[in-house]
Every structure is written in structure tokens, then in C-alpha cells.
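Let me begin by presenting the structure, written as C-alpha cells, before commenting on it.
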Amino acid sequence: MSDCVFCRIAAHEIPSKVVYEDDDLIAFHDLAPQAPVHILIIPKAHIANTNGLTDASVEVVGRLVLRAQALAELRGISDAGYRLVMNCNGEGGQTVFHLHLHLMGGRQLGALG
Ligand code: 5GP
Ligand code: ZN
């Protein structure tokens, strides 16, 4: 998906501040952080959003969450707390249509919605 910004970040065609990478996942700082820690964790393979998940996605989704857990620990926000968010489509607030998990923390976060 050459027109997908996150596919292009995963392919290192667009620069980003990468904090973790392996064969399947990449994590990088959000361009417009909403909290002192705001990291996006994405699968390298293109999936538009949670509507595109199947039984075959169980492992990759689990790995996204476990990577978020590890990055939260690394950033020192595990005990204070943090938020994991996946937005889906328009009313869910999704603006980039490549599955991503937001890891946000480092301050008191407000109510959802
Ligand atoms: P969404 O609203 O789709 O859940 O979140 C998309 C996120 O991607 C937003 O928080 C936005 O700031 C971030 N974003 C959009 N384009 C880029 C980019 O080119 N680089 C980085 N690092 N983040 C981006
Ligand atoms: Zn993509």
C-alpha cells in the first residue's frame, strides 16, 4: 500500500522516531503527541483497522499489546498508568487507515469520549 502513510513509515520511506522494530511490528513517536508519552505501535503488514481483524490476526494483536506493555515499562509509566487506544473509522476518530495502537501516558488523562 504505497499510498498508506504507516506502510511507508514501516518501510522507512517516511522518517519517524522509531522506538522499537522487529520483523512484524514497528513503534514510533506520534507526530502530534497528546501526552508526554505518545507512541504508535503498528503491524508492518497493512490492516486498515479492527474491522479487518480475523482469527489469523490474534497473534499480531497480542503482540501489539505486549509491546505496548514493554514500552510503558521502559518509559517508566507502568505503575502510574497509561492508556491503550485503537480507533476505528470516522466516528471512532480514526484518521490513518492502517491499524495502530496508541500508547499514551505521562500525565493524568481525561475521561474518554
Ligand atoms: P488515529 O486518529 O488514526 O487513531 O491516529 C493517527 C495518529 O497518527 C495521530 O495521532 C497522528 O498524530 C499520527 N500521525 C499521522 N501522520 C503521522 C506521521 O506521518 N508520522 C507520525 N509519527 N505520526 C503520524
Ligand atoms: Zn498501511
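The values are calculated or read from the model by the stated rules, or taken from the named source; none is laboratory data. Fair warning: this is a prediction, and the values are worked out from it, not measured in the lab. Cβ placement follows ideal geometry from the backbone for every residue including glycine, while neighbour counts extend to all protein chains displayed. When the accessible area is computed, the model is the full protein with side chains, heavy atoms only, and any ligands, DNA or RNA have been set aside. Shrake-Rupley method; radii C 1.70, N 1.55, O 1.52, S 1.80 Å.
Out of segment 8-30, which residues are of a type in the set (A, V, I, L, M, F, W, C) and touching a strand residue (DSSP E or B) at 6+ places or on another chain (Cβ under 9 Å)? Walk me through how you get there before you give the answer.
Looking only at segment 8-30, we keep the residues that are of a type in the set (A, V, I, L, M, F, W, C), and these are 9-11, 14, 18-19, 25-28.
Within segment 8-30, Ile9, Ala10, Val18, Val19, Leu25, Ile26, Ala27, Phe28 qualify.
Yes/no matrix, rows are residues, columns are (1) within 16 Å of ligand 2 (Cβ to nearest atom); (2) out of contact with any Pro (no Cβ under 7 Å at 6 or more places or on another chain); (3) of a type in the set (Ser, Thr, Tyr):
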{"residue": "Ser2", "(1), (2), (3)": "yes, yes, yes"}
{"residue": "Ile14", "(1), (2), (3)": "yes, yes, no"}
{"residue": "Tyr20", "(1), (2), (3)": "no, yes, yes"}
{"residue": "Phe28", "(1), (2), (3)": "yes, yes, no"}
{"residue": "Lys44", "(1), (2), (3)": "yes, yes, no"}
{"residue": "Asn49", "(1), (2), (3)": "yes, yes, no"}
{"residue": "Ala72", "(1), (2), (3)": "no, yes, no"}
{"residue": "Arg75", "(1), (2), (3)": "no, yes, no"}
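State the number of residues belonging to segment 91-109 that are small (Gly, Ala, Ser), part of a loop (DSSP other than H, G, I, E, B) and open to solvent by less than 30 Å² (accessible area, probe 1.4 Å). Lay out the reasoning, then the answer.
Quick first cut of segment 91-109, residues small (Gly, Ala, Ser) only: 92-93, 105-106.
Add one more test, that the residue is part of a loop (DSSP other than H, G, I, E, B), and what stays is 93, 106.
In the following step, the residues that additionally are open to solvent by less than 30 Å² (accessible area, probe 1.4 Å) were identified as none.
The qualifying residues number 0.
So, in segment 66-90, exactly how many residues are open to solvent by less than 70 Å² (accessible area, probe 1.4 Å) and farther than 15 Å from Asp22 by Cβ?
Counting residues in segment 66-90 that are open to solvent by less than 70 Å² (accessible area, probe 1.4 Å) and farther than 15 Å from Asp22 by Cβ gives 13.
In segment 1-16, what count of residues is obtained for those that are in contact (Cβ under 8 Å) with a residue 60 or more places away in the chain, near ligand 1 (Cβ under 9 Å from one of its atoms) and more than 7 Å from His98 (Cβ to Cβ)?
The initial filter retains those residues of segment 1-16 that are in contact (Cβ under 8 Å) with a residue 60 or more places away in the chain, namely 1, 4-7.
Checking the rest, the ones that are also near ligand 1 (Cβ under 9 Å from one of its atoms) come to 5-6.
The next check asks that each one be more than 7 Å from His98 (Cβ to Cβ); those that pass are 5.
So the count comes out to 1.
Mind checking which residues of segment 53-78 are part of a helix (DSSP H, G or I) and aliphatic (A, V, I, L, M)?
We begin by selecting, within segment 53-78, every residue part of a helix (DSSP H, G or I); these are 55-74.
Result: Ala56, Val58, Val60, Val61, Leu64, Val65, Leu66, Ala68, Ala70, Leu71, Ala72, Leu74.
Can you name every residue in segment 6-52 that is in a helix (DSSP H, G or I) and loosely packed, with under 14 Cβ neighbours inside 10 Å? It would help to see each step written out before you state the result.
Quick first cut of segment 6-52, residues in a helix (DSSP H, G or I) only: 6-10, 50-52.
Asn51, Gly52, listed by residue number.
Go through segment 1-29 and count every residue that is among the charged types (D, E, K, R) and farther than 14 Å from Ile47 by Cα. Working first, answer last.
As a first pass, look at segment 1-29 and keep what is among the charged types (D, E, K, R): 3, 8, 13, 17, 21-24.
Then drop every residue that is not farther than 14 Å from Ile47 by Cα, which leaves 13, 17, 21-23.
The number of residues fulfilling the criteria is 5.
Specify the residue that is nearest to ligand 1 (Cβ to nearest atom); the eligible residues are those in segment 22-70 that are β-branched (Val, Ile, Thr) and touching a residue at least 60 places away in the same chain (Cβ under 8 Å).
First, the residues of segment 22-70 that are β-branched (Val, Ile, Thr): 26, 37, 39, 41-42, 47, 50, 54, 58, 60-61, 65.
Subset that is touching a residue at least 60 places away in the same chain (Cβ under 8 Å): 37, 39, 41.
Details: Val37: 13, Ile39: 9, Ile41: 12 Å.
Among them, the one singled out is Ile39.
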